[in-house]
Structure formats: structure tokens, C-alpha cells
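Student: Handing you this structure, nothing more for now.
Please treat every number below as a calculation from the coordinates, not as lab data. These figures come from a predicted structure and were not determined experimentally. Counting neighbours? That spans all protein chains shown, and the Cβs are built from the backbone with ideal geometry, glycine included.
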Amino acid sequence: MVKITGHGVKSCDYDSARIPRGAEFKQDHEFAVYSAIACERNKVQILSVISPIFTTASNVLEIGSGTGQHAIYFAKKMPHLTWHTSDCQSYLDGIDTWTTIANLPNIKAPFELEVSTSPWPEMQVDAIFTANTVHCMHFQDVDNFIKGAARALKKQGSLVIFGPFNYNGMFSCESNALFDQCLKNNDLLSGIKHFEEINILAVKYGMQLVTDYEMPANNHILHFTKI
Ligand SMILES: C[S@@+](CC[C@H](N)C(=O)[O-])C[C@H]1O[C@@H](n2cnc3c(N)ncnc32)[C@H](O)[C@@H]1O
């Protein structure tokens, strides 16, 4: 468990600071936690899309849980399912802090899952969810992520990816272009990915697109199913 003292808003710097974009310290509880502003802003709209998709799901694996805020909100709103949190090692204490505070029976303690280098869990899940991770990854990591997801999903299982994407080789808006530059300044191989390339990977690993949902702030939710 980490106990963080101090206060301050962090910049657009993911992996070097190991903090999700827009995260800030929050000291509302016994334990201070990172609070991702974006999570608070987008969680209601994301829930409205994933809730019908996850109606019959029992086990959902989240990749790149970040602070753990999405996990808590979604697990609370969908008590019929068990939410498995995961992320790179440096995020695990933070997720653990949030989930300990939330004290929900249907969230599992976070485990390390770096999509390219960690062993993927043996379990077969009904759904895999990830938010705002793909643009932080290198393309090879995205390939490994979709390959790993396809293996971990049960037949007819759902892969749900939230974030910004390019279409027809173009940024959807000026702010996405600026965001992409911000990401690349930090890590040249990161950046907003092309929808078409994600779709090709999904097909390569035995999945097909069900729906591409347009979301606020020039984001999308891509829903794939394992054939
Ligand atoms: C911008 S944060 C988003 C966190 C959270 N999902 C959210 O929406 O607030 C990006 C997340 O992607 C994760 N991530 C980046 N590359 C990854 C990789 N190769 N394997 C697993 N997670 C990765 C980071 O560790 C981090 O938690």
C-alpha cells in the first residue's frame, strides 16, 4: 500500500511519471490516491455503452487499469460481474489503494500484466476492457495485446477498447493531433493508432468488429467479439 503525501497536478507525461494523463493527488481518505480527471469525466458515458455488452458476462479482465477508478465505478454499477484489474508493475500499488478503499466484493486485487512481456493469466474471461491504453503503446504492444486478448477470451467473448483513433489516415480533430504530438514527444513510438490497423489485427487473431461507438471528446469504443 502506498501512502502519498503532497498535492499537485501532474502533466501529460505517462510512463516517465507513471501517472495517467490529468491525474492529480487526492487526500480525501486515510490514503492519498491518484485521481484521474479523465476517468471521472468519461465513466458515465462508457458505462452506458458497456453495460448492455456485459449483461451476461461473469468475468471481465481490464488491461491498463491505471488508477483503478474505472474498475471501481464499473464493478459497483455491475455487481453481477467480477472485475479483474491489471497493469504494469508501477501502477499496482495505486490500484490496490483505490480498490482497498472501495472495498467491493467483486473487484480482484491487481496483478502485473504488461501486454508484451508478462505471462498472460491462464483464465478464460467473458470480456476484456481497456481505456486510454492503446495510444500509450508501441504498435508491437498493440499486436501483442490483441493476440493475448483473443487467447484469453471465451468464444463469443467481447473485447472493448475505449480511446481516440485515427480514421482514413487522418486525425479526427485538431486536439487529437496535438495530443498525438504530446505523446510522441515523450515516446516516439507511442501515439494514436489507426482504426483500420486495429481492425486488421482483430481479424488476424480471430475476432470481428461488432460496433464502433462514437464517444464524447473525439473518442470511440470499439467492440469486437471472438468468433
Ligand atoms: C493513460 S493511462 C490510462 C489508465 C486508465 N485505463 C484510464 O483510463 O484512466 C495508460 C495506461 O496504459 C497502461 N499501459 C501502457 N502500455 C502498456 C503495456 N504495454 N501493457 C500494459 N499496460 C500498458 C499504462 O500502464 C497505464 O495504466
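Student: Provide the packing ranking of 115-125, 215-225, i.e. peptides ordered by the mean count of other C-beta atoms within 10 Å per residue, highest first. All intermediate terms of the calculation are to be shown ahead of the outcome.
Tutor: On the way: 115-125: 13.8, 215-225: 17.9.
Top of the packing list down: 215-225, 115-125.
Student: Quick check: the distance between the Cα centres of region 120-169 and region 46-110, to the nearest angstrom?
Tutor: Cα centres, region 120-169 to region 46-110: 16 Å.
Student: OK, next. Highest first, please rank the peptides 63-73, 166-176, 91-101, 192-202 by the mean number of other Cβ atoms sitting within 10 Å of their residues. Intermediate results must be reported in sequence, preceding the final value.
Tutor: Numbers: 63-73: 25.7, 166-176: 13.1, 91-101: 20.4, 192-202: 17.7.
Taking the mean over residues of other Cβ atoms within 10 Å, the ranking is 63-73, 91-101, 192-202, 166-176.
Student: Strictly over 24 Å apart at the Cα level, which of 193/226; 43/108; 155/193; 108/204; 155/204 would you flag in this model? Don't skip to the answer; put the middle values down first.
Tutor: Details: 193/226 21 Å; 43/108 19 Å; 155/193 26 Å; 108/204 31 Å; 155/204 15 Å.
Listed pairs above 24 Å: 155/193; 108/204.
Student: Count the net charge of all other residues whose Cβ sits under 12 Å from the Cβ of residue 58, scoring Lys and Arg as +1 and Asp and Glu as -1.
Tutor: On the way: positive: 154; negative: 126.
Surrounding charge for residue 58 is 0.
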